[in-house]
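I have placed the structure first, in the form of structure tokens, so that the comments after it can refer back to it.
Every read-out reported here was derived from the displayed coordinates using simple, explicitly stated rules and does not represent laboratory data. Small disclaimer: the values here were computed from a predicted structure and weren't measured. In this analysis, Cβ positions are derived from the backbone assuming ideal geometry, glycine residues included, and neighbour counts consider all displayed protein chains.
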């Protein structure tokens, strides 16, 4: 018999284009203090700690070294997951399910503003033999994918641009967001091309920030002060790392991750059972592609459903009410944790001005960005 | 407390360890993963999920290296988790796989550890400079060897250990390594104590022949649930306990003479395995030995010797492979005698314990009866201990 | 037993083009935010001061300074000036560079417990004026010996750990 796992504490800093006032340690400390306070526990009540990070985004080799102090985790089980935030959440989830741990903490942070040449770092993730020597700007991968996706599904550039209008507009009601804007789809379509059909306006702008999420077994959660948000199902998956082999019309990693999460959560009709979603929108078209891949829109219909207002805060299935990466800022692997945090806040009724109408089941979904094809999905609920 | 869902080891595989491999990281991962599947008599379709392990991306020269070699690891279309704790990563990979299966959510997990250090130019050691604090340490013109030399000096000074004792550890491991099929060319052999003690001083007190080499290689292990094992009527080696622990990153605030993080990790694993007297209940051990002193330092942290006593036991042959009264330590030859492709080297240590308990270690088989063994690794800023206990 | 996989290359195979390589230099450059605590410490060094912090929970006086106590998990805001003197906690005599090339004269890294900080709390730095060959250095330097900071002239300081050139033996 497996045991249930719940989210019991949330803490974050604001997301900002820059953060010169705080070192990464100080930023994480702020998020951790808030998360412990939210859960009503002390650091010594946590049994195991996870960090999601990658060396080249931090400029430190084996960045795991610098994790414990700012979490109150000195001389505790700590390790780093080199994956998106939802895979980090899955790591904590699995550990609690073993029965060896009652309380687990997941941390992530972005100091994107400290990376001087981010495109060079992305390019360093390309296949060193077959692709990297072509010396292309790494966003060509998104350009190829966007064109193939639009052609194959019938979604349009205009509909992708409308994602930006919605998400940056939603961010205006999120005090944590770095890039709120009252921008129009037309503004996006008029922005400079990056890798046609991808334009400047389609891409989420980077941000700095930190998030800490505390999880507990259902039994331990019952002893804590706040309202638990249950992880009904979680999935994470890898498509081929070779960009030449991918089927760009769909996000295979998202399909597989969602399939696992739905199976665990006993969701047979995602579009009927899930009431809101936070899906990855690092590029505007990805929101449409991800919605179709996780079964929240039929193939080729996501754009039209968006235009009809179905994904707006007042619509049938609000998507990225937080503002998503387009509105909050792109925070690399922290994006998955931000999606989870927003879903948990919505389910608790703590989402402030952007609170949705009494939702009970939500989906958080993540992608690691170019040039990867990996990501996660989690179904969260209020019982 | 024994855990509820038991996890078995069904197979392991290694590549050769090499100073410079022709194979790409993808190919090394594929070879190790294939070898582990063959060893377990399974195919990739039997694998429910995959764990990918690699130490700093700077070696292989690919940002998110484990994403890059995912297809080589057999992860395409599967749940694929990547974790790291620096040098402790290889053993941690098995822990990461353990919690996938022990959760009850997966029946099988393939753990693949890969490292291709030779890709980094001008020398892989340079990739390690960025492990130091960027504000207060890197500007001093640091060098990886510094921290280990500083720790070794603190340890040998605290206990008055003569250099000859460390040379004896290096000699033992280089001899043991001669019988390991993965052993890197030129690393193992019958080296005299004098030869080792006269080897080049790199960063005093660290000398060339008491240090593990730079290596390329990969290793993999196949883990499975009790239900999976029962269905096939197997009598496997079990993971009885796991432990890991990370100390403060303010390493200049710690007394380096004793690895307290490893004591914590070991106690966590002993507790899980129900081991109350490790010196009696652990029959064979693979402590992490990137430097000769580390083997002794770690044996103390593992509670297999009192503080300062591991060196005294060297002279008595207590840690030798053919001991009957002692605990054979590093029968594989270890990092000093086989090689050190970081993540893969940790995996090699767990594989060694697995093969010892199965009685499949060939010329390396320990003489005393071994029903329970322990593999350990270490890393980050000299601050992480990872421990796996296997039993038959 | 099936032979293990893996093809070992000689240096010659690479230099003579028998095995091909692709090379790449990653433009990995960063401007890290020092934040409140490290930033103030570095500013102190520029003024020729070694600053520490005190935790009101565990009463430790800490160096390097930090914005929070990692053991009490509480914020810290009490700053104190420490001295530029201390004791050698451990040291090495290093003859290799970061790229594994050999040096003629060694570098002597050391952990130095700074006077005024709580016992055992030190920083990494290097020693100077202690000789240029192994026997000389080992005859002069030992764990427990007292050292003092040798500063750059004020005009050359930039708010970096290297504003202290090195530590030398006292007396």
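Numbers at a glance
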quantity	calculated
More than 21 Å apart - percent of Cα-Cα pairs taken over region B:215-335	50 percent
Chain C: angle of helix C:35-46 to the longest principal axis, Cα-based, in degrees nearest 10	80 degrees
For the protein assembly as shown, alpha-carbon Rg and Dmax in angstrom	27.1, 82
For chain A, built as a Gaussian network whose Cα springs stay under 10 Å, the top-fluctuating residue of A:268, A:19, A:113	A:268
Diffusion constant of region A:306-378 at 37 °C, which comes from Stokes-Einstein with the Kirkwood Cα-pair radius and 0.692 mPa s, µm²/s	254 µm²/s
Extension gain from residue A:222 to residue A:18, taking 0.36 nm per residue of separation minus the Cα-Cα distance	69.6 nm
Ascending count of other beta-carbon atoms within 10 Å, so fewest first, for B:64, B:272	B:272, B:64
For peptides C:14-24, B:48-58, C:152-162, sequence by mean Cβ density within 10 Å, most packed first	B:48-58, C:152-162, C:14-24
Between 0 and 90°, nearest 10: helix A:252-265 axis offset from chain A longest Cα axis	40 degrees
For B:378-385, mean number of other protein chain Cβ atoms within 10 Å	4
For C:55, A:12, B:109, A:172, order by how many other beta-carbon atoms lie within 10 Å, fewest first	A:172, C:55, A:12, B:109
Most mobile of A:339, A:110, A:23 in a GNM of chain A (Cα contacts under 10 Å)	A:23
Under the Debye formula (equal points on every Cα, no solvent term), log10 I(q)/I(0) of chain B at q = 0.06, 0.10 Å⁻¹	-0.20, -0.57
Relative contact order of chain B, pairs being alpha-carbon contacts under 8 Å that are 6 or more residues apart, as %	26 percent
Among C:13, C:117, C:28, residue whose mean-square fluctuation peaks in a GNM of chain C (springs only between Cα atoms under 10 Å)	C:13
Average partner coverage of B:157-163, which counts Cβ from other chains inside 10 Å	1
Chain A: relative contact order as a whole-number percent, Cα under 8 Å and 6+ apart	25 percent
Förster radius 35 Å - calculated FRET efficiency between residue B:367 and residue C:8 (Cβ-Cβ, nearest 0.05)	0.65
Burial ranking of peptide ranges B:15-21, A:292-298 (average Cβ count within 10 Å, highest at the top)	B:15-21, A:292-298
Order by protection proxy (mean Cβ within 10 Å, highest first), peptides A:196-207, B:260-271	B:260-271, A:196-207
Over region C:31-169: Kirkwood hydrodynamic radius from C-alpha pairwise inverse distances, Å	16.1 Å
Sequence of B:247, C:115, B:322 once ranked by neighbouring C-beta atoms within 10 Å, starting from the fewest	B:322, C:115, B:247
Residue A:134-residue A:307 FRET efficiency (beta carbon distance; Förster radius 51 Å; 0.05 resolution)	0.90
FRET efficiency estimate (nearest 0.05) - Cβ-Cβ, residue B:231 to residue B:45, R0 22 angstrom	0.90
Using alpha-carbon coordinates, inclination of helix A:24-39 to the longest axis of chain A, degrees	60 degrees
Region C:31-169 - percent relative contact order, Cα under 8 Å, separation 6 or more	24 percent
Distance between region C:141-171 and region B:233-278 - C-alpha centres, whole angstrom	39 Å
Shielding by other protein chains, A:240-251, mean Cβ within 10 Å	2
